[in-house]
1. For R2, only one of the following conditions fails: (1) surrounded by fewer than 17 Cβ atoms within 10 Å (Cβ to Cβ); (2) in contact (Cβ under 8 Å) with a residue 60 or more places away in the chain; (3) in contact with a Gly (Cβ under 9 Å, 6 or more places away or on another chain). What is its number?
2. Being assigned to a helix (DSSP H, G or I) and surrounded by 13 or more Cβ atoms within 10 Å (Cβ to Cβ) is the filter here; which residues of the stretch 82-97 pass it?
3. Which of the residues spanning the stretch 28-81 are surrounded by 15 or more Cβ atoms within 10 Å (Cβ to Cβ), farther than 18 Å from L18 by Cα and small (G, A, S)?
4. Let me spell it out: the conditions are (1) surrounded by 14 or more Cβ atoms within 10 Å (Cβ to Cβ); (2) basic (K, R); (3) under 26 Å from L22 (Cβ atoms), and K116 meets all of them except one. Which number is the exception?
Amino acid sequence: MRVGLVLAFASMVMEHQLAFLLLMRSNYYGAALALIRSQMESLIRMLWIARCATDYQVNQIGANRGFEFPTLRLMTEAIDTAYRTGGFFGRLKSGTWKLLCDFTHTGMRQVFRRFKGKIIEPNYTPTSMLTATNMVNAAVLLAGAALFEQMGYQEELTAIKHLMADYDLFKTAIQ
């Protein structure tokens, strides 16, 4: 059950990445940014299920009987401990979560990025979009690492860790 749920959440992480990239390619930057929170939530739930959830919790999730996940704060704390991330996910929650929610729920940051002088059109800097793209791609690497670890694919896990190191992504995120 656990591996199946990890696979399902990993597929969502990857689907959100692909949708983000398609929207970016079509210059729908606001819509692309709105997906990042969903992708991060899928990643956090996946990592929590993989190493933190009890067998009972995994069975409750798998039974699809209205299981309520712990709060995001509790899941990120558990993930940081289980994966020895040095507090990475806690910092993600405290440092960027409000911004991600703002983009997802069409908050004022999202709205103000629609003004270009007196013209209403997307107004995102290349740097901010590159940062967002890197975040989305890094989530896929993290999901892949956790998935390969869960399935016992050590060679693939090592390859993902090398990619993460090559790109200087989350050096301590998966240990």
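1. (1)
2. A82, Y83, F88, F89, G90, R91, L92, K93, T96, W97
3. Result: A50, A53, G62, A78.
4. (1) is the only condition that K116 fails.
Per-residue answers, yes or no, for (1) touching a residue at least 12 places away in the same chain (Cβ under 8 Å); (2) touching a helix residue (DSSP H, G or I) at 6+ places or on another chain (Cβ under 8 Å); (3) on the phi > 0 side of the Ramachandran plot:
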| residue | (1), (2), (3) |
| --- | --- |
| L33 | yes, yes, no |
| I61 | yes, yes, no |
| F67 | no, yes, no |
| L74 | no, no, no |
| G86 | yes, yes, yes |
| K98 | no, no, no |
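Values quoted throughout were computed directly from the atomic coordinates according to the rules given, and no laboratory measurement underlies them. It should be emphasised that the depicted structure is a prediction, and the values quoted were computed from it without experimental measurement. Virtual Cβ from ideal backbone geometry, glycine too; neighbours counted across all protein chains shown.
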